[in-house]
Amino acid sequence: MNETLLILGSILLGIAAVIHVLIFLLESVLWSRPRVWRSFGLRTAEAAANVRPMAFNQGFYNLFLAMGIVVGLVLVTAPDAQQAGVALLLASGLSMVLAATVLVVSAPKLARAAAIQGIVPLVGVSLVIASLLV
């Protein structure tokens, strides 16, 4: 295993986790603020209220993906659990990438949002996989 590539991939996946925690905060904690729901393309308080339950749920989904990365980062530093940590990093990171892919395929106008949540974990996952192959 190439430790340098693993470290670089882990750092990027840690950044991806931070991004997903920020998304959680927007969707689940700060949703009632007009500036927040407008940033998601909603124009009225009524539309934001209608979308709130879905946004709330989606926010927690993002938080749980971030938690998977954090646990993976902890495990990857433990000699006896490094393989489990790598597996968790890959599973959580790939879930982030696939969620971003679904977003851009289902709503191409949200390509920017998909890029924000998908590019960093894509590069991180790629580096972790490369660390296993080198």
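Results, tabulated for the structure shown:
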read-out	value
Rounded, prolate or oblate (a/c below 1.5 giving rounded, otherwise prolate when a/b exceeds b/c) for the stretch 1-47 by Cα gyration tensor	prolate
Computed [θ] at 222 nm, helices only, for the chain once each DSSP H run of length n ≥ 4 contributes -39500 (n - 2.57)	-28000 deg cm²/dmol
Length-normalised contact order for the chain - Cα pairs under 8 Å, 6+ apart - percent	37 percent
Cα-based shape type of the chain, given that a ≥ b ≥ c are square roots of the gyration tensor eigenvalues and the cut on a/c is 1.5	prolate
Extension gain (nm, one decimal) between F60 and I11, 0.36 nm per residue minus Cα-Cα	15.4 nm
Per residue solvent-accessible surface (Å²) - the chain, probe of 1.4 Å	58 Å²
The stretch 73-118 shape via C-alpha gyration tensor axes, a/c threshold 1.5	prolate
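The values are calculated or read from the model by the stated rules, or taken from the named source; none is laboratory data. Quick caveat, the model's predicted, so the values are computed rather than measured. These area figures cover heavy atoms from the full protein model, side chains too; ligands, DNA and RNA do not enter into them. Shrake-Rupley method; radii C 1.70, N 1.55, O 1.52, S 1.80 Å.
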